[in-house]
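The values are calculated or read from the model by the stated rules, or taken from the named source; none is laboratory data. What you are looking at is a predicted structure, and each value in this text was computed from that prediction instead of being measured. Here Cβ is always computed from backbone atoms with ideal geometry, including for glycine, and neighbour counts include all displayed protein chains. Areas reflect the complete protein model, heavy atoms only, side chains present, ligands, DNA and RNA absent. Shrake-Rupley method; radii C 1.70, N 1.55, O 1.52, S 1.80 Å.
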Amino acid sequence: QVQLVESGGGLVQAGGSLRLSCAASGRTFSRYAMAWFRQAPEKEREFVAAVSRNGVSTTYADSVKGRFTISRDNAKNTVYLQMNTLKPEDTAVYYCAAGLLAMTLSRHYDYWGQGTQVTVSS
């Protein structure tokens, strides 16, 4: 059983930055690929970014490339999402997820956090 808890969301002006954190329970964090997804009100959940078990390989949605950076610290059982140059269309609930591989479809992930709200004002 893996428990994930996101933090760091909030309200920010367009062009600003936020850093999300996702803390994982247990001692097997390094065995999982980690990802961030987001879901805007009345919209489908969409892939944002993923990172491999060792943190070397990363994947980003086209909409966030060059602005967001995913990273992990296995010693701290934590994955991060640094979000820069935020836009109003980035407004959503952001979820972290753990799975065996860094895939872009939500069905490949076994564990999910509760989500953290990110609101970007124009």
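Over the range 1-53, how many percent of alpha carbon pairs lie in each 5 Å bin up to the one with the longest distance?
Once binned at 5 Å, the Cα pair distances of the range 1-53 give 4, 14, 20, 25, 20, 9, 6, 1.
Taking the range 44-83 on its own, what percent of its Cα-Cα pair distances exceed 13 Å?
Every Cα pair in the range 44-83 considered, those over 13 Å come to 51 percent.
In Å and on Cα atoms, what radius of gyration and Dmax does the chain show?
My reading of the Cα-based Rg and Dmax gives 13.2, 41 Å.
Using a 1.4 Å probe over the heavy atoms of the protein chains, calculate the carbon and sulfur portion of the accessible area of the chain as a whole percent.
Reported share for carbon and sulfur atoms: 47 percent.
Seen from all sides and averaged, what is the projected area of the convex hull of the Cα atoms in the range 42-113, in nm²?
5.2 nm²
What order do you get for 15-25, 92-102 when each peptide is scored by the mean count of other beta carbon atoms within 10 Å, highest first?
Numbers: 15-25: 17.4, 92-102: 20.6.
Highest to lowest by the protection proxy: 92-102, 15-25.
From the phi of every residue in the range 101-108, what ³J(HN,Hα) in whole Hz does the Karplus formula 6.51 cos²θ - 1.76 cosθ + 1.60 yield, where θ is phi - 60° and glycine or proline is x?
Coupling constants for the range 101-108: 9, 7, 9, 9, 9, 4, 5, 7 Hz.
Which net charge results for the neighbourhood of Gly10, defined as the other residues with beta-carbon distances under 13 angstrom from its beta-carbon, given Lys and Arg at +1 and Asp and Glu at -1?
-1
Would you work out which of Phe29, Ala92, Leu18 lies farthest towards the positive end of the dipole of the chain? Charges go on Cβ: Lys and Arg +1, Asp and Glu -1.
Of the candidates, Phe29 comes out farthest on the positive side.
Do you know the relative contact order of the chain, to the nearest whole percent, from alpha carbon pairs under 8 angstrom that are 6+ apart?
Averaging sequence separation for qualifying contacts and normalising by length gives 36 percent for the chain.
Calculate the dipole size of the chain relative to its Cα centre from +1 charges on Lys and Arg beta carbons and -1 charges on Asp and Glu beta carbons; express the result in debye to the nearest 20.
Once rounded to the nearest 20, the dipole reads 360 debye.
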